[in-house]
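These notes are about the structure you will find just below.
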Amino acid sequence: MFRKIFSILKNKFVIVLVLFGTWLLIFDKNNVLQQIEAKRTLHHYQQEKQFYIQQIKADSEATYDLMSDTAHLQKFAREKYFMKKDSEDVFMMIPKEKKEK
């Protein structure tokens, strides 16, 4: 058995193939570990892209609503920036915090 393995390793094509495979897997600029990391990074960026596309769509709809509907714009200004009409008084209701035992 040892003789058979030795005869296979003696073949120059096998030696070149093993060296070439080792070079590609470990020492090359685009080795396997870097390819795995690149795929992981690409997947992360694709997820981020989908998130931002959804955010852009939601923001575009909100912008359209604010630009087209004055009632919606007034509601947004009152809730977000606490704006009021001159003839109104605004009371803020702040709930009391519960004491933990």
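Miscellaneous remarks
- Test: residue in region 54-62 that is assigned to a helix (DSSP H, G or I), in contact with a helix residue (DSSP H, G or I) (Cβ under 9 Å, 6 or more places away or on another chain), without any contact (Cβ under 8 Å) to a residue 40 or more places away in the chain and at negative phi: yes
- A single member of ASP28, ASP65, ASP69, ASP89 is within 30 Å of ILE5 (Cβ to Cβ) and of a type in the set (Asp, Glu), and it is ASP28.
- Some residue of region 64-80 being basic (Lys, Arg) and surrounded by 10 or more Cβ atoms within 10 Å (Cβ to Cβ): yes
- Residue among LEU66, LEU42 that is over 15 Å from the mean Cα position of the chain (by Cα) and assigned to a helix (DSSP H, G or I): LEU66
Each value in this text was obtained by applying a stated rule to the coordinates, not by laboratory testing. Computed from a prediction, not measured in an experiment: that's the story for all the values here. All Cβ positions, glycine included, derive from the backbone under ideal geometry; neighbour counts span all protein chains shown.
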